[in-house]
Amino acid sequence: MKKILIVLYYYHPYVSGLSILAKNLAENLVKRGYKVTVLTTKYNNKLSNKENIEGVEVKRVPVLFSLGKGVFAPTLWIQTIKLSLTHDVVNFHLPMADTALAALFIAKRKLVTQYHCDLNLGTGLISRFILLISFMLMNIILKRSKHIVVLTKDYFEHCKFKKYIHKAVAIYPPIDHKRWSIVNFNNINIHSSFFKIGFVGRIVEEKGLQYLFESIPHIIKHDPKWKFKIIIAGELNKVAGGSIYNKLIPYTQKYPEHISFIGYLSNDDLLKFYNEIDLLVLPSVDPLEAFGMVQLEAMLCGTPVVASNMPGVREVVRKTSFGALATPKDALDLANKIIYSRDNMSKFKQNYSREDLLSLFDFEKELDKYEKLFS
């Protein structure tokens, strides 16, 4: 039985695109007969040091302090070396920096690293210094890795480590589409008299929510009689690096009839949400967003998407033509693409094929690619 060690800062119950991908990967490798250990941090003191989640052995090391979206766990690299001795593959999930020391003591043939996205810690002098050190350390990991898994070649060709493109293998996030077919899509009655524009994700700077809200006056100017509501689903406050929810409150006060925050949704309620909304918008503005799994999830429920025209983020809309791409940080263009999508909804639906979508982003085939690299 091949043993896989997955190393990352945040794992379940933390919710982000990175943690969800790692969880889906780990649990489905277990189903395929692998023994999988996840080494992560105890970012919340209420979490246990060790537990089994769906057959995955999860081990958490203590956190000394948090710094923005990252954590400093001084024993993480030591535990990584120790566990690597009894595992066949070590799968780092970057961005993370301090495990670079561990990579120096692990055989290159064992290292299959997943590079999710670049870092952005802000413009302050200290932040820039930490960013420089982080990239130096991550460079060590990537240089020593036998393979580098990326979500899309489009993103990696535009990122900080594009010099390693020769090592890169593109694998789409393994999203288990089977659960879409077993959920009863009961109407959850989200403002049913409105055109429902949905957003799903963490309430953080890189998601570009301020530009989505700033598109409202442009939409109203174009069609003053149009009834629409922007509905935001996602954890409001418990977010690594800090939520920007408080910064967005002035928009809700200015446009109370057009904005609604509904908070965190369970998996089943999230699927119902995708089914209920008319359009999903992902207005990302930062390279911290490298794919946007929510796009694919929405499309699997028959809901088209407007996404930012950014490397990686644009992949799903480009592949499917089930939606439109908007210029990042451009509220007017975003408004125009939302209106365009509304006006072309019947065209989108006519060209939509769930079977074609599943064949483009086939769950089992993406897992096969991981298996090939791990072997």
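What to note about this one:
- Highlighted here are the strands (runs of 3 or more DSSP E) found entirely within the range 20-101 that include at least 1 residues which are assigned by TED's automatic domain parsing to the domain that holds V150, in contact with a helix residue (DSSP H, G or I) (Cβ under 6 Å, 6 or more places away or on another chain) and β-branched (V, I, T): 35-42, 56-62, 89-94.
- One residue from A290, A331, A298 being in contact with a Leu (Cβ under 7 Å, 6 or more places away or on another chain), in the same structural domain as H218 (by TED's automatic domain parsing) and modelled with pLDDT of 90 or more: A298
- The set of residues in the range 221-246 that are in contact with a Phe, Trp or Tyr (Cβ under 8 Å, 6 or more places away or on another chain) and either among the hydrophobic types (A, V, I, L, M, F, W, C) or within 28 Å of M96 (Cβ to Cβ) (or both) comprises W226, F228, I230, I231, I232, A233, G234, E235, L236, N237, A240, Y245.
One line per residue, one yes/no per condition, for (1) part of a helix (DSSP H, G or I); (2) free of Cβ contacts under 8 Å to residues at least 24 places away in the same chain:
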position	(1), (2)
P311	no, no
V317	yes, yes
I339	yes, no
F348	yes, no
L358	yes, no
K365	yes, yes
E371	yes, no
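- Within the range 264-275, the set of residues being at pLDDT 90 or above and out of contact with any helix residue (DSSP H, G or I) (no Cβ under 8 Å at 6 or more places or on another chain) comprises F273 only.
- Any hit, the range 236-251, residues being under 26 Å from D268 (Cα atoms) and at pLDDT 90 or above: no
- First in the range 124-152 and over 13 Å from V112 (Cα atoms), second anywhere and surrounded by 15 or more Cβ atoms within 10 Å (Cβ to Cβ) and among the acidic types (D, E), Cβ under 8 Å, 6 or more apart: L137/D98; L151/E315; T152/E315
- Number of the exception - E366 against (1) at pLDDT below 85; (2) charged (D, E, K, R); (3) surrounded by 16 or more Cβ atoms within 10 Å (Cβ to Cβ): (1)
- Within the range 85-141, restricting attention to residues that are among the hydrophobic types (A, V, I, L, M, F, W, C) and closer than 20 Å to F291 by Cβ, the residue that is modelled with the lowest pLDDT is L119.
- Positions within the range 330-363 being surrounded by 14 or more Cβ atoms within 10 Å (Cβ to Cβ) and among the charged types (D, E, K, R), in sequence order: D330, D333, K337, R342, R354, D362
- Residue match in the range 266-282 (condition: touching a His at 6+ places or on another chain (Cβ under 7 Å), over 19 Å from F213 (Cα atoms) and either not acidic (D, E) or not assigned by TED's automatic domain parsing to the domain that holds F195 (or both)): no
- For the range 159-174, a tally of residues being within 18 Å of the chain's Cα centre (by Cα) and not aliphatic (A, V, I, L, M) returns 4.
- All positions within the range 126-179 that are out of contact with any helix residue (DSSP H, G or I) (no Cβ under 7 Å at 6 or more places or on another chain), part of a loop (DSSP other than H, G, I, E, B) and within 21 Å of F374 (Cβ to Cβ): L151
Residue-by-condition table, conditions (1) more than 21 Å from the chain's Cα centre (by Cα); (2) touching a residue at least 60 places away in the same chain (Cβ under 8 Å):
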| residue | (1), (2) |
| --- | --- |
| V15 | no, yes |
| V38 | no, no |
| K42 | no, no |
| S48 | yes, no |
| L64 | yes, no |
| Q79 | yes, no |
| S84 | yes, yes |
| P95 | no, no |
| R109 | yes, no |
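- Restricting attention to the range 63-88, the residues that are surrounded by fewer than 17 Cβ atoms within 10 Å (Cβ to Cβ) and closer than 21 Å to S16 by Cβ add up to 5.
- Residues in the range 327-337 that are in contact with a Ser or Thr (Cβ under 6 Å, 6 or more places away or on another chain) and not in a loop (DSSP other than H, G, I, E, B): 4 in all.
- Answer from N120, N91 - the residue that is within 30 Å of T152 (Cβ to Cβ), surrounded by 14 or more Cβ atoms within 10 Å (Cβ to Cβ) and touching an Asp or Glu at 6+ places or on another chain (Cβ under 6 Å): N120
- Condition broken by E205, with the remaining ones in (1) buried (at least 21 other Cβ atoms within 10 Å of the Cβ); (2) farther than 30 Å from D343 by Cβ satisfied: (1)
The values are calculated or read from the model by the stated rules, or taken from the named source; none is laboratory data. Please read these numbers as outputs of a predicted model, since none were measured by experiment. Virtual Cβ from ideal backbone geometry, glycine too; neighbours counted across all protein chains shown.
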